[in-house]
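Inspection log for the structure reproduced underneath, given as structure tokens.
Read-outs throughout are calculated quantities, based only on the coordinates presented, and are distinct from any laboratory measurement. What you are looking at is a predicted structure, and each value in this text was computed from that prediction instead of being measured. Here the Cβ positions follow ideal geometry from the backbone for every residue, glycine too, while neighbour counts run over all protein chains shown.
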């Protein structure tokens with residue numbers, strides 16, 4: 001099974017500043033997908049951003065962007081102009097592109113982000 | 001459009017009791033999943049289904065059963081509840097086809113406590 005590692009259990013950022021959350025993964029596959037999910041105190045899991053491994057261009061969604069380094073198996077999330085509503089647990093996730101895996105996702109253990117006013 | 005709906009949101013069980021967590025999705029997704037989330041442990045896959053009539057075990061299936069008689073519904077059955085099954089349970093669905101990212105859509109979660 002693939003493993004996804006988030007080495008920062010907790011992070012904090014000042015409001016309006018930028019923060020980067022780290023994620024590394026272990027795989028022998030060349031074709032896969034990566035995701036960042038946000039889980040606020042409401043418990044709802046919300047998709048933040050996604051990246052296809054075959055795309056060299058880093059994905060961007062408004063204030064959220066990723067730094068995808070395929071060779072290093074690294075997928076970090078950058079949050080710019082941090083807002084109080086960004087405070088949440090963030091999970092990195094991996095999905096193989098092989099249909100034989102049943103579309104299984106592998107999640108990291110999460111990074112708890114605190115935004116300081 | 002309701003998305004993924006799971007019930008109940010909270011439940012307290014006594015050791016040895018059984019219950020079913022209900023999950024339904026209205027997005028015509030082919031894949032459905034059950035995860036459990038324990039503090040500091042991320043999400044662990046319990047069971048998943050690639051379509052009606054087809055289910056398979058995930059990483060932590062012991063103590064659980066599922067069925068998928070329709071595309072929309074994917075109930076999770078807990079037999080003989082144990083304290084180790086105290087957790088937050090998430091149902092999720094996705095629509096996977098060749099070339100799609102197939103991201104997960106989650107329900108709101110169900111907090112289960114076994115005493």
Who wins for biggest fluctuation among A:54, A:33, A:94 in a Gaussian network model of chain A, springs between alpha carbons below 10 Å?
A:54
Fewest-first sequence of A:68, B:10, A:91 by Cβ atoms within 10 Å of each Cβ
B:10, A:68, A:91
Ranked by GNM mean-square fluctuation in chain B (Cα springs under 10 Å), the top entry among B:60, B:50, B:88 is B:60
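With r defined as the distance between the Cβ atoms of residue A:46 and residue B:15 and R0 fixed at 35 Å, what FRET efficiency is calculated, to the nearest 0.05?
Details: r = 34 Å, r/R0 = 0.98.
After rounding to 0.05, the efficiency reads 0.55.
If I take all pairs of Cα atoms in the protein assembly as shown, what percentage of them are more than 33 Å from each other?
Details: 4448 of 26796 pairs.
So the pairs more than 33 Å apart make up 17 percent of the total in the protein assembly as shown.
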Order by neighbour count: B:47, A:32, fewest other Cβ atoms within 10 Å first, most last.
A:32, B:47
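If contacts are Cα pairs under 8 angstrom and at least 6 residues apart, what is the relative contact order of chain A in percent? Could you put the intermediate results ahead of the total?
Numbers: 282 pairs, mean separation 43.2, N = 117.
Value for chain A: 37 percent.
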Top of A:105, A:64, A:35 by mean-square fluctuation, Gaussian network on chain A, Cα under 10 Å
A:105
